[in-house]
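The values are calculated or read from the model by the stated rules, or taken from the named source; none is laboratory data. None of the values given here were measured: they were computed from a predicted structure. Here the Cβ positions follow ideal geometry from the backbone for every residue, glycine too, while neighbour counts run over all protein chains shown. These area figures cover heavy atoms from the full protein model, side chains too; ligands, DNA and RNA do not enter into them. Shrake-Rupley method; radii C 1.70, N 1.55, O 1.52, S 1.80 Å.
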Amino acid sequence: DSATADRTVDSVCPYCGVGCQLTYHVKDEPANAKAGAGEHRGRILFVEGRDGPSNQGRLCVKGRFGFDYPSHPARLSRPLIRREGVPKGLDPDFDPANPLTHFREASWEEALDLAASGLTQLKTQHGPDALAGFGSAKCSNEEAWLFQKLVRTGFGSNHVDHCTRLCHASSVAALMECLGSGAVTASFMQALEADVVILTGCNPAVNHPVAATYFKQAARNGTKLIIIDPRGQALDAYAWRSLRFSPGGDVSLFNAMLNVIISEGLYDQAYIDAHTEGFEALAASVVDMTPEVMSPVCGVEPEVIREVARAYAEADRAMIFWGMGISQHVHGTDNARCLISLALACGHTGRPGTGLHPLRGQNNVQGASDAGLIPMVLPDYQPVGDAQLRAAFEELWNTELDPEPGLTVVEIMDAITAGTIKGMYILGENPAMSDPDLTHARAALGSLEHLVVQDLFVTETAQFADVILPAAAWSEKTGTVTNTNRQVQMGRAALPPPGEAKPDWWIIQEIARRFGLGWNYAGPEQVFAEMKQGMHSLDHISWSRLEREGSVTYPCPADDAPGQDVVFSDAFPRAGGRARFSPTRPLPPDEPVDEAYPIVLLTGRLLEHWHTGAMTRRSRVLDEREPEAAAYLAPAELARLGVEAGDAIDVVTRRGSITLTARVDQTMAEGMVFVPFAFVEAAANILTNPALDPDGKIPEFKYAACRLSPA
Ligand code: SF4
């Protein structure tokens, strides 16, 4: 009976940062044509939600149905090497399910030797700064640790980054600056304890669907839900107030709220005196930013600004959640600074039902960042430039480390174009789809002298590779991941990888050995043990505890204590224990709309499609539900264009043009268009602006000037 599972395996969802726990129901039989001869691959029949701390049995459509991508016919099962004379880049005739037109199969020995020798030769010829690596927020903590260690101790620089740069780097920059810690101050479950919850620049029903169920539940229990976003969303139906501000007007709106709170004396003086510094400077900076002055900039009526500012300040317990609508701007760090100032001014941190929570995107973006996949900090956010902190890692790894911060994602692309970076190792990231201004990014990838890509499929980025190394999918390996709530969770292998594919930790170790590093980890458990020596955030969290309990929140005060869901009750991890206010001034978007390009382009994700679509577009149910690249527009905008839903339209920016199907979206305001970035046939990032936030180095994905026309 094919519907009867032989066994179950408990793990964690591979998609978003909510980190839902789930159970795979597995049939042990050879069911995959890609399986090696005689290999019992088996298959996952279905997935059930488990009673994890962040999901209590719930799953969204991705977690429930998006588990079949590892069995897709295009799945890589042997290492590939580019054939002589085949040019690098996206060839419209290339079929990822039949890669042998452009690549030839190779043994692991040959592929690893070629992958590593290409990189070591460039290092020998040009020095350590000629190499860089992108790690992955979809790999385990142990794999993130090994990857950054390889770049730092093998490549010899800090040129290592990952997709946090494209999602919450600005939030982390502001949190580090103001609070001394980049992680959330309280879990999203704390929303159930709050009197007021602000959701801004996020669309949880689409991007963090199980977290959205907690927000709905809170609203049903009487919590005042305030939604602040240029675009409408499903949770508006539960909102006490829903504010649609003009794109790019967020800093103006938040400063106007601070002006109200300070001018009306609604701040918490006792909290400010006991826990913060710099309040006077903040108060002085917002004195002229009244609701009346800011209203024309942010598009929200002065009385509405006053009403929500009062509601937030006067609540006993209030929380702020935000997403990439806040972070992906040239003023993304300023946006987060404003939200932090709101919380500090009102004393809304450190107690149940209070806090600041950037909703993290990928399932392990928190853990990959903690483990050091960041160019300016070592694991646990210890600055590479601090000699004392660096010395501890030099002792642990028995080598000298580069004291210079490395380059970030977009800076690495610029350095390739400038000819300084010549070789890259890219693990599970897809910059040929995810970077801004793809024409530039793809040209950069194509000009690399040596590119090694490690992934499940011949992704768009892998089509630029010299060597492709086939990796195990999440459901085929064991390791830990850390979700948006700081919950470290155990993922377990349900199936063996197909053919000769290997877990990422094994492949990274083989590359490291070819750099002469002599690593000999038997598996992820040993790597985790080493991580605990360098990361105090993992104190009292052991591998055996995670195997037993499934999830432990950091920081954790004792081996038998639950971790701290809410932090900073007494002090902040800054000198003197005080948080800092950081004043801001409104800045215009980098590329304001004008006569030639009068529409604001927003990009993002869909409920069904995850990021660049590498997994979800190869998942049958998810792709059938949402198979088409579309542009989402207000009905009036369609009418203005003279097209109907279903017609093709061109979306054009100063960087390029794509053609999509027009779709009516009642949540969109006039003057805006939303385009998801999962579809290679109409890649949204051909259009996006690579201008960076100066602190977080994050591109402005949430605002580009475009024009629309019937195709
Ligand atoms: Fe997976 Fe996120 Fe959906 Fe949970 S909410 S099932 S973690 S995609």
Next on the checklist: Among the residues in segment 249-257, are any crowded, with 20+ Cβ neighbours inside 10 Å, more than 22 Å from A311 (Cα to Cα) and either within 16 Å of the ligand (Cβ to nearest atom) or modelled with pLDDT of 95 or more (or both)?
Outcome noted: no
Next on the checklist: If a residue must be more than 7 Å from the ligand (Cβ to nearest atom) and buried (at least 24 other Cβ atoms within 10 Å of the Cβ), how many such residues does segment 54-69 contain?
Outcome noted: 4
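Which of the residues belonging to segment 374-403 are among the acidic types (D, E) and more than 26 Å from I698 (Cα to Cα)?
Filtering segment 374-403 for residues among the acidic types (D, E) gives 380, 386, 394-395, 400, 402.
Residues satisfying the conditions are E394, E395, E400.
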Checklist entry - Can you tell me which residue in segment 196-225 is nearest to the ligand (Cβ to nearest atom), limited to those that are farther than 24 Å from V365 by Cβ and open to solvent by less than 10 Å² (accessible area, probe 1.4 Å)? => result A218
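Among the helices (runs of 4 or more DSSP H) confined wholly to segment 287-392, which include 3 or more residues that are open to solvent by 10 Å² or more (accessible area, probe 1.4 Å)?
Working: elements: 291-298, 302-314, 324-327, 332-345, 365-370.
Result: 291-298, 302-314.
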Checklist outcome for this item: The lone condition P592 fails out of (1) open to solvent by less than 70 Å² (accessible area, probe 1.4 Å); (2) in contact with a Ser or Thr (Cβ under 7 Å, 6 or more places away or on another chain); (3) modelled with pLDDT of 95 or more; (4) of a type outside the set (A, V, I, L, M, F, W, C) is (2)
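Take P635 and decide whether it is under 25 Å from I326 (Cβ atoms) and surrounded by fewer than 18 Cβ atoms within 10 Å (Cβ to Cβ).
Criteria not met by P635.
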Item to check | Every residue from segment 679-691 that is open to solvent by less than 10 Å² (accessible area, probe 1.4 Å) and either touching a Lys or Arg at 6+ places or on another chain (Cβ under 7 Å) or part of a loop (DSSP other than H, G, I, E, B) (or both) | outcome: F679, A683, L687, T688
Next on the checklist: Condition (residue is under 22 Å from T185 (Cβ atoms) and of a type in the set (A, V, I, L, M)) applied to segment 289-310: is it met by at least one residue?
Outcome noted: yes
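Would you mind stating whether L119 is more than 22 Å from M531 (Cβ to Cβ), crowded, with 24+ Cβ neighbours inside 10 Å and either of a type in the set (S, T, Y) or touching a Gly at 6+ places or on another chain (Cβ under 7 Å) (or both)? Full working, then the answer.
Details: more than 22 Å from M531 (Cβ to Cβ): yes; crowded, with 24+ Cβ neighbours inside 10 Å: yes; either of a type in the set (S, T, Y) or touching a Gly at 6+ places or on another chain (Cβ under 7 Å) (or both): yes.
So L119 fits the description; yes.
State whether the residues of segment 437-454 include one that is within 28 Å of L45 (Cβ to Cβ) and either open to solvent by less than 20 Å² (accessible area, probe 1.4 Å) or in contact with a strand residue (DSSP E or B) (Cβ under 7 Å, 6 or more places away or on another chain) (or both).
As a first pass, look at segment 437-454 and keep what is within 28 Å of L45 (Cβ to Cβ): none.
No.
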Checklist entry - If you check G372 against the conditions, is it within 16 Å of the ligand (Cβ to nearest atom) and modelled with pLDDT of 95 or more? => result no
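Within the bounds of segment 85-101, is there any residue that is open to solvent by less than 10 Å² (accessible area, probe 1.4 Å), at pLDDT 95 or above, away from the ligand (no atom under 16 Å from the Cβ) and within 30 Å of A443 (Cβ to Cβ)?
Step one: filter segment 85-101 for residues open to solvent by less than 10 Å² (accessible area, probe 1.4 Å), giving none.
For segment 85-101, residues open to solvent by less than 10 Å² (accessible area, probe 1.4 Å), at pLDDT 95 or above, away from the ligand (no atom under 16 Å from the Cβ) and within 30 Å of A443 (Cβ to Cβ): absent.
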Next on the checklist: Take the conditions of a type outside the set (G, A, S), within 13 Å of the ligand (Cβ to nearest atom), under 27 Å from the mean Cα position of the chain (by Cα) and modelled with pLDDT of 95 or more and apply them to L22. Does it pass?
Outcome noted: yes
Next on the checklist: Exactly one of these conditions fails for E277: (1) surrounded by 20 or more Cβ atoms within 10 Å (Cβ to Cβ); (2) at pLDDT 95 or above. Give me its number.
Outcome noted: (1)
Checklist outcome for this item: For F457, the lone unmet condition from (1) touching a Pro at 6+ places or on another chain (Cβ under 8 Å); (2) open to solvent by less than 10 Å² (accessible area, probe 1.4 Å); (3) in a helix (DSSP H, G or I) is (3)
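Residue by residue, here is whether (1) more than 16 Å from G135 (Cβ to Cβ); (2) basic (K, R); (3) part of a loop (DSSP other than H, G, I, E, B) holds:
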site: V488; (1), (2), (3): yes, no, no
site: A493; (1), (2), (3): yes, no, yes
site: P497; (1), (2), (3): yes, no, yes
site: E500; (1), (2), (3): yes, no, yes
site: R513; (1), (2), (3): yes, yes, no
site: G518; (1), (2), (3): yes, no, yes
site: A522; (1), (2), (3): yes, no, yes
site: F528; (1), (2), (3): yes, no, no
site: M531; (1), (2), (3): no, no, no
Next on the checklist: Tell me yes or no: at least one residue of segment 70-78 is within 16 Å of the ligand (Cβ to nearest atom) and either touching a strand residue (DSSP E or B) at 6+ places or on another chain (Cβ under 9 Å) or at pLDDT below 95 (or both).
Outcome noted: yes
Checklist outcome for this item: Of (1) touching a Cys at 6+ places or on another chain (Cβ under 7 Å); (2) part of a loop (DSSP other than H, G, I, E, B), P586 satisfies every one except (1)
Next on the checklist: Tell me whether segment 580-594 contains one or more residues that are over 28 Å from A493 (Cα atoms) and over 27 Å from the mean Cα position of the chain (by Cα).
Outcome noted: yes
Checklist entry - Being within 16 Å of the ligand (Cβ to nearest atom) and on the phi > 0 side of the Ramachandran plot, is that true of even one residue in segment 483-497? => result yes
Checklist entry - Of the residues that sit in segment 603-657 and are within 16 Å of the ligand (Cβ to nearest atom) and among the hydrophobic types (A, V, I, L, M, F, W, C), which one is farthest from N430 (Cα to Cα)? => result V621
Checklist entry - Just to be sure, is R654 without any contact (Cβ under 8 Å) to a residue 60 or more places away in the chain, open to solvent by 50 Å² or more (accessible area, probe 1.4 Å) and within 28 Å of the chain's Cα centre (by Cα)? => result no
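Matching residues to (1) of a type in the set (V, I, T); (2) at pLDDT below 95:
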residue	(1), (2)
V527	yes, no
H540	no, no
S544	no, no
C556	no, no
P562	no, yes
T584	yes, no
